[in-house]
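What follows is a short report on a single structure.
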Amino acid sequence: MTLRDKAFLVWHYGKVQLIIGCVYNILCAQLLLHRVSYAFFVDVFIIKAVIYAITFYLVTQFRKKDGIFFYINLGLSARKLQLRVLLVDFLALAIMLTVVILIRG
Amino acid sequence: MVRFGNKTVLSGGYITSETGKVTGLLGRNGAGKSCMFRALMGGLKVDNVMVSIDETPVDRQVIGRYIKYLPQGRMLPDDISLYKAFKLFGVNYWAFVNRFPKYTRYRNSSIWELSGGEARLAELCLVLLSEAQFYILDEPFSQIDPVSIEAVQGLIRERSADHGIIVTDHNYDAISSVANDLFVISDGYTAPVHSREDLVRHGYLR
C-alpha cells in the first residue's frame, strides 16, 4: 500500500472528526489572533480533547457495523487508524496555533 | 466468551483451517458463528482470542494481512468506487470483470448503486481474489442467484487449492458441496460433523 493510499484511508476513516476538528482549529485561531490572551492556549487543547472524544463516540455509534472490516482486511486496526486521525487533527491545531503566534509576534 | 446483556452467545470456540481445504461451519441463527469470526478478526472485543498460523501467533493488529474476512453485512464504504476498492485491496478489477462481465459498467459505481446481490458478489470476489493465506466467508451465498452461486463455488474451489478457507452459510447444499470438513456450533461450543446424524443430534437439521 502506498503512502497516498494510507493517507486516503486515514482521511476516509476519520473525515467527520477531521472536518469538525478543522472548523474548531480555525475558530480558535481566529479568537487567538484578535482577542484572547495566550493563557487561553491550555483551554484550547482541553476543549479540543473533549470535542474529539464526543465526536469519536458519536461516529463509532453511527458507523456501519461491518464497515470496520474494510480497514481490518487492509491490514489496519481501528486503534491504529484512530491514532493516526488523532495525530493529524492535533498536528493541524499545533501548526495553526504556531502560525497565529508568528503573526501576533 | 461473548455475552450480550445476560445472554451468553459463545462460551468457547475452536476452529482450524488448512491450506488446500475448505472448512464449513454450520449453526442455527444466534449460535455465535459470526460472533466467533468478528472476535477472531478484531471487530468484537473479547478476552482470550488466539489466532496462530503454523503454530506462530498472529499479530491481531495486522490480521488482515494474513486472513481476509467477508462479513455478513456490507463492508465497503458507500463513497468509494468499486475500482478504487479493488485497487486498495491489490486486486485487478479486470480479472474480476473477466469472470463477471456485467461489472464492466460498474467500474466507477459505488457499492450502494448496485443491487444487494451484485454488491454481495463484488465484495465476495474482492475478498477472495485479494492476497492472503486464509479466507473467512460469512454467508457468501446469501442474496446471490443460483447461477452466480455455481460460479462462486468454482472460485472457492479454485482459491482453496493454495489457501485455507472457512465458510459459513445457511445454504446447506451449497456449503456441503464445497467443504472438505464440517463443524457445527451448538450450545456455545463447536463440534465436528461427520455425518448428517451429527447435525440432527446438534439440532441443526431435523
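Given the options B:Pro71, B:Pro101, B:Pro146, B:Pro77, name the one that is in contact with a strand residue (DSSP E or B) (Cβ under 6 Å, 6 or more places away or on another chain) and of a type outside the set (Asp, Glu). Every option except B:Pro71 fails the conditions. Condition test on B:Tyr66, is it within 28 Å of A:Arg4 (Cα to Cα), surrounded by 12 or more Cβ atoms within 10 Å (Cβ to Cβ) and in contact with a helix residue (DSSP H, G or I) (Cβ under 8 Å, 6 or more places away or on another chain)? Against the criterion (within 28 Å of A:Arg4 (Cα to Cα), surrounded by 12 or more Cβ atoms within 10 Å (Cβ to Cβ) and in contact with a helix residue (DSSP H, G or I) (Cβ under 8 Å, 6 or more places away or on another chain)), B:Tyr66 does not qualify. Among the residues of segment A:34-89, those that are farther than 15 Å from B:Met41 by Cβ, aliphatic (A, V, I, L, M) and either exposed (fewer than 15 other Cβ atoms within 10 Å of the Cβ) or facing chain B (nearest Cβ under 8 Å) (or both) comprise A:Val36, A:Ala39, A:Val42, A:Ile46, A:Ile47, A:Ala49, A:Val50, A:Ala53, A:Ile54, A:Leu58, A:Leu83, A:Leu87.
What number of residues in segment B:98-145 are among the hydrophobic types (A, V, I, L, M, F, W, C) and over 27 Å from B:Asp162 (Cα atoms)?
Of segment B:98-145, the ones among the hydrophobic types (A, V, I, L, M, F, W, C) are B:100, B:111-112, B:114, B:119, B:121-122, B:124-129, B:132, B:134, B:136-137, B:141, B:144.
Within this subset, residues satisfying the condition of being over 27 Å from B:Asp162 (Cα atoms) are B:111-112, B:114.
Adding up the residues that qualify gives 3.
Beta carbons closer than 9 Å, at least 6 apart along the sequence or on distinct chains, pair a first residue in segment A:85-103 that is more than 11 Å from A:Tyr52 (Cβ to Cβ) with a second that is polar (S, T, N, Q) for A:Ala92/A:Asn25; A:Ile95/A:Asn25; A:Met96/A:Asn25; A:Leu97/A:Asn25; A:Val100/A:Gln30. Here the helices (runs of 4 or more DSSP H) wholly within chain A that include at least 3 residues being farther than 23 Å from B:Gly90 by Cβ are A:3-34, A:40-62, A:78-104. If you filter segment B:81-133 down to residues that are surrounded by 14 or more Cβ atoms within 10 Å (Cβ to Cβ) and of a type in the set (Gly, Ala, Ser), you find that the one that is farthest from the other protein chains (Cβ to nearest Cβ) is B:Ser109.
Per the listing B:Val184, B:Val193, the residue uniquely touching a His at 6+ places or on another chain (Cβ under 7 Å), at pLDDT below 90 and closer than 22 Å to B:Met36 by Cα is B:Val184. Count, please, the residues in segment B:75-97 that happen to be touching a Leu at 6+ places or on another chain (Cβ under 7 Å) and either of a type in the set (Asp, Glu) or assigned to a loop (DSSP other than H, G, I, E, B) (or both). The qualifying residues number 2. Tell me yes or no: at least one residue of segment B:2-14 is under 26 Å from B:Arg120 (Cβ atoms) and at pLDDT 85 or above. Taking every residue of segment B:2-14 in turn, none turns out to be under 26 Å from B:Arg120 (Cβ atoms) and at pLDDT 85 or above. Restricting attention to segment B:60-74, the residues being assigned to a loop (DSSP other than H, G, I, E, B) and more than 8 Å from every other protein chain (Cβ to nearest Cβ) number 1.
The values are calculated or read from the model by the stated rules, or taken from the named source; none is laboratory data. Model, not experiment: these values are computed from the prediction. Every residue, glycine as well, gets a Cβ built from its backbone with ideal geometry; the counts of neighbours run over all protein chains shown.
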